[in-house]
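Comments concern the structure below.
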Amino acid sequence: MPAGQCTKPVRLFSLLHGSLSLPPSFHLHEGQRRRAARALSSLRGRANSETSGMARRAAAGLLRRHLGPLAAGETLQARGMYPTQYGAANHAFSRFYSIQGPQRPLYGFRTNVETDDTQQSAHMNFEVQKRSFSCAAAHVQRNPAYSVLNSDDVSYFKSILGESGVVQDEDRVAVSNVDWMGKYKGSSQLLLLPKSTAEVSKILSYCNSRRLAVVPQGGNTGLVGGSVPVYDEVNGILTCEAGCVLENLSSFVENKGFIMPLDLGAKGSCHIGGNISTNAGGLRFIRYGSLHGSVLGLEVVLSDGTVLDMLTTLRKDNTGYDLKHLFIGSEGSLGIVTKVAILTPAKLPSTNVAFLSCNDYISCQKLLLAARRCLGEILSAFEFMDRHCINLAMKYLEGVHNPLPASPYNFYVLIETTGSDESYDKAKLEAFLLRSMEDGLVADGVIAQDISQASNFWRIREKHPSKLGQSTSDMGQVLGYGHLGDGNLHLNILSTKYSDKMLAQIEPFVYEWTSKQRGSISAEHGLGLMKAEKIHYSKSSEAVQLMASIKKLLDPNSILNPYKVLPQSVL
């Protein structure tokens, strides 16, 4: 495609900072981020701004593996680029951004820092600019109560982190200023890289005394500060630092005969601390449930630097309030998660995967109910895709083939079972599928006969979202996919051209309809800034007021991830 020719579709509505939940059979959301695979040389020299943006994000991913955990930041500007997924699931104990500067609005999980010599350039960006899909950007004015970073602050950070732990180099900081969805660009001036809980505590204590706002950021980095997992093989409990990458943890525990209770498309880059801070769900939710049930203990640093030790590995502990739940899903707005103790289920030897087609959505819902009853304890995944997703995967994904090439059906379901007896489990799955076909719930289907076929099934489900930007569909095409097993689906509306008018019609309708069904506008990824003002669609005024009271109690100066999660009106 010639440079500058704009034919790629954009997502006018894409639930990537969070998801919509609809009881009990329909949620809108979930997503799988692309892993960075392009070289740093792709960063420059592209005539096409959209292509250049994606190259920057890919290069940023490569660099983030070498940048450590904390940063200081400020104004974020929307960018009209194809949004990758699970961006919000990666913001944890890994980096801090301090929000500084006069009249500098913030957006997303990244903010900016401003020293005295950068104040003049700061005045060029007063408001979040709407140039992207996904959600209308909120216009947020910077809180004048926040201090401006100065040279004394930088000197203090260097005194506790050393020269290498305080990054001011523009190129290194720049890669952390572009969010993973490619929608927003910040202008942070300072990146802090602590290596221990003690250093995080000192940073927060100082920032709180100076009222320097801080935003934790993680994702796409390696093990932070020598994060070495400790494992209790008798009880199946993993204790690790928050900067550990999920895929590394999965490999670690699998070598010991266990698995992580969550599995995400972004597991190669997301941090366990970010997963907990956003209460990520993923592919195993139907089997192992929420992180609220899997996480046994946390270590958290509060806004004033207090280290809150809740790192218990006890399965039963009724001594007082279970405070860890305040921080699971709080998006770093109440404290910074630094260590985690989490239950890991046993790795079972038998896995079977089926790929099925259904004539209508009602059949998919009935099939889920039948699967819960007939497959019971071995059901481990129930994923949904519509025919547009399948067509997209077949057209743009290399090395995949349609398991049902002669089946032009409207909806497809991937079912996975895991158990301890291979022959029994497979026979149970086959009997279930035969019964479902006789009942008219399944039109056609196939069971993977080996690992290669199973991998092909899963690749269709996991990788097709990354190809949405390559589709040349007409305006208004709707795609749906996600975790039907826990009522959590993605909604994507594609267009060859971005339209504010169309987005303005789509967004309130989806929120309002979801609210009427008593669903949630964010099933998994949280609210961030994008949906902070929309929380009333899912929570009562009384509940929001109580959340605001908790925020004020734990973070009275509101330095942690400001402008996120809760409406400014209640704070």
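The values are calculated or read from the model by the stated rules, or taken from the named source; none is laboratory data. Just so we're clear, the structure is a prediction, and the values are computed from it rather than from any experiment. No Cβ is skipped: glycine too gets one built from the backbone with ideal geometry, and neighbour counts run over all protein chains shown. When the accessible area is computed, the model is the full protein with side chains, heavy atoms only, and any ligands, DNA or RNA have been set aside. Shrake-Rupley method; radii C 1.70, N 1.55, O 1.52, S 1.80 Å.
Name the shape class, rounded, prolate or oblate, that the alpha-carbon gyration tensor gives for the range 305-421, where a ≥ b ≥ c are the square roots of its eigenvalues, rounded holds for a/c under 1.5, and otherwise prolate holds if a/b is larger than b/c and oblate otherwise. Verdict is prolate for the range 305-421. Close amide H pairs (under 5 Å, H built 1.01 Å from N) link Tyr481 with His490, residues at least 5 positions away or on another chain. Think of a 1.4 Å ball rolled over the protein heavy atoms: the range 350-506 then has 43 Å² of accessible area per residue.
Summary of packing: across the peptides 329-342, 231-244, the per-residue average of other C-beta atoms within 10 Å ranks them, highest first, as 329-342, 231-244.
Residue-wise HN-Hα couplings along the range 517-529, as the Karplus relation 6.51 cos²θ - 1.76 cosθ + 1.60 with θ = phi - 60° gives them from phi, are 7, 6, x, 10, 7, 8, 7, 8, 8, x, 10, x, 8 Hz; Gly and Pro carry x.
Each listed q (0.11, 0.16, 0.18, 0.19 Å⁻¹) maps to a log10 I(q)/I(0) for the range 350-506, found by the Debye formula over equal Cα scatterers with no solvent: -0.45, -0.88, -1.07, -1.17. Among the chymotrypsin sites (Phe, Trp or Tyr not before Pro) found in the range 301-380, those both in a DSSP coil and sparsely packed, with 13 or fewer other Cβ atoms within 10 Å of their Cβ, are Tyr321.
Expressed per residue, the C-alpha convex hull volume of the range 316-381 stands at 210 Å³. 3J(HN,Hα) along the range 295-301, derived from phi through the Karplus expression 6.51 cos²θ - 1.76 cosθ + 1.60 where θ = phi - 60°, amounts to 7, 8, x, 9, 10, 9, 9 Hz, with x in place of Gly and Pro. Each residue of the range 304-320 was assigned a 3J(HN,Hα) from its phi angle through the Karplus curve 6.51 cos²θ - 1.76 cosθ + 1.60 (θ = phi - 60°); the sequence is 8, x, 5, 8, 9, 8, 10, 7, 7, 10, 6, 7, 10, 7, 9, 8, x Hz, with glycine and proline shown as x.
Over 31 Å between C-alpha atoms is what I'm after, so list which of Lys158/Lys339; Lys202/Lys551; Lys347/Lys552; Lys195/Lys551 land there. Result: Lys347/Lys552 exceed 31 Å.
What ratio of Cα Rg to 2.2 N^0.38 Å holds for the range 237-343?
Values: Rg = 13.1 Å, N = 107, 2.2 N^0.38 = 13.0 Å.
Here the answer is 1.01, to two decimals.
Assuming 0.36 nm per residue, please report the length gained on full extension of the stretch Arg435 to Gln449 beyond their Cα-Cα distance. Before the final figure, lay out each step's value.
On the way: separation 14, 0.36 × 14 = 5.04 nm, distance 2.00 nm.
Additional length available on full extension: 3.0 nm.
Calculated on the alpha-carbon coordinates, the convex hull of the range 520-563 measures out at 76 cubic angstrom per residue.
Inter-label distance, Ser155 to Asp360: 7.4 nm, where each label sits 7 Å from its Cα along the C-beta direction. Taking Cα centroids, how far is the range 499-540 from the range 253-283 in Å? For the range 499-540 versus the range 253-283, the Cα centre distance is 26 Å.
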